[in-house]
Amino acid sequence: MQIYRAGVIGLGAIGKEFLAEMLAHARFEVEAAWDPSAAACDAARTRHPDLTLAKDAAAIFASPDIDVVYIASPPQTHCAYIRAAVEAGKAIYCEKPLGVDLAESRAAAKLVADSGLPNVVNFNHARALSSNFIEDQIAAGAVGKILGMDTSIHVATWPREFQKAATWLARRDQGGFTREMISHWVCLSQRLLGPGKIVTKKIRYPADGTSAETWLLAELDFGGVPHVIKAACGGAGPVGTECSVWGEKQSFRLYPGGLLRSTGIEPWREALADIGDIAHQDRKRALDGVAAHLAGEPAKMASIADALAVQELIEAILR
């Protein structure tokens with residue numbers, strides 16, 4: 001079994017989560033990690049006393065002991081790190097979104113395509129148990145024609161509690177829930193239904209000119225199938241996300257934590273009731289997919305080209 005040596009850039013809310021997953025994964029060894037925040041580095045070292053901290057990002061790319069770079073930094077830095085990975089000849093595992101500047105992202109995507117290097121962008125539904133279950137049911141003919149999708153998102157405050165240290169998420173230049181949350185559902189729609197386009201959209205921003213969006217209503221079309229998305233920030237209540245896939249024979253509803261329900265005519269029922277801690281299994285399955293992709297095996301992971309197609313739609317919604 002081949003072991004892949006990873007360098008980690010970014011130790012915020014998501015970076016530290018996948019650092020822990022990599023350290024526990026049989027196919028990965030973390031050679032070094034880095035974050036511009038000394039506090040984030042200190043916290044990572046406290047959690048993982050044997051972790052090697054690089055002096056800067058350049059040291060990650062320069063290390064001959066690193067095969068793949070995991071990029072978990074803010075989106076405006078992604079393309080620069082992707083270019084550095086290509087120059088260093090290292091495989092790329094990048095958090096979504098691919099970027100926020102479309103011209104920069106298009107150039108980075110072409111650079112990666114020309115390089116032939118393995119590349120993956122981390123979208124939640126790539127190997128998620130719930131999404132793969134739906135995909136398998138569609139392929140088996142158990143769903144019939146898909147008639148539509150709808151996604152509803154509510155957050156009482158933005159950023160969410162676990163993200164508050166990432167202050168960039170609150171700003172419209174690279175943050176907001178559309179890039180951070182809705183991009184996952186756009187990627188899933190592309191995967192299940194095909195390329196997408198915007199039919200209608202309405203979006204609201206605070207009057208300060210810098211804060212991220214607070215309300216969104218959009219209809220997208222994926223391969224002739226409508227996907228209606230509504231999202232809002234504000235108002236009492238827990239974080240809530242529901243995505244429904246409506247089929248002629250069977251429909252599905254996805255919830256946070258990887259939970260899935262299905263229905264024919266009967267009431268909604270749990271579809272993966274026998275599986276415990278789906279969210280943790282999904283994170284491990286994501287790394288399984290990265291390892292498979294690095295080995296040249298079928299992996300079902302989103303590529304940088306896939307992520308660019310998502311970004312094209314997301315940035316068009318935000319414009």
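The values are calculated or read from the model by the stated rules, or taken from the named source; none is laboratory data. Bear in mind the structure is a predicted one, so any value in this text is a computation, not a measurement. Glycine also receives a Cβ, built like all others from the backbone with ideal geometry; neighbour counts cover every protein chain displayed.
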**Request:** Determine whether the stretch 221-235 contains at least one residue that is among the acidic types (D, E), assigned by TED's automatic domain parsing to the domain that holds I314 and under 20 Å from the mean Cα position of the chain (by Cα).
**Result:** no
**Message:** Going residue by residue through the stretch 1-12, is there one that turns out to be in a strand (DSSP E or B), within 21 Å of H293 (Cα to Cα) and touching a Ser or Thr at 6+ places or on another chain (Cβ under 7 Å)?
**Reply:** yes
**Item:** The one condition in (1) in contact (Cβ under 8 Å) with a residue 40 or more places away in the chain; (2) crowded, with 19+ Cβ neighbours inside 10 Å; (3) not in a loop (DSSP other than H, G, I, E, B) that Q281 fails to fulfil
**Value:** (2)
**Request:** For the stretch 273-287, state whether one or more residues are more than 14 Å from L129 (Cα to Cα) and of a type in the set (D, E).
**Result:** no
**Message:** What pairs come out if I take residues in the stretch 126-140 that are more than 15 Å from A302 (Cα to Cα) and in contact (Cβ under 8 Å) with a residue 40 or more places away in the chain and pair them with residues that are buried (at least 17 other Cβ atoms within 10 Å of the Cβ) and acidic (D, E) whose C-beta lies under 9 Å away, six or more apart or interchain?
**Reply:** L129/D282; S130/D282
**Request:** Could you tell me which residue of the stretch 157-212 is surrounded by the fewest Cβ atoms within 10 Å (Cβ to Cβ), considering only residues that are acidic (D, E) and in a helix (DSSP H, G or I)?
**Result:** E161
**Request:** Output the number of the condition that K249 fails; it satisfies all remaining conditions of (1) surrounded by fewer than 13 Cβ atoms within 10 Å (Cβ to Cβ); (2) charged (D, E, K, R); (3) part of a strand (DSSP E or B).
**Result:** (3)
**Condition check for V30: in the same structural domain as A109 (by TED's automatic domain parsing), touching a residue at least 40 places away in the same chain (Cβ under 8 Å) and aliphatic (A, V, I, L, M)** = no
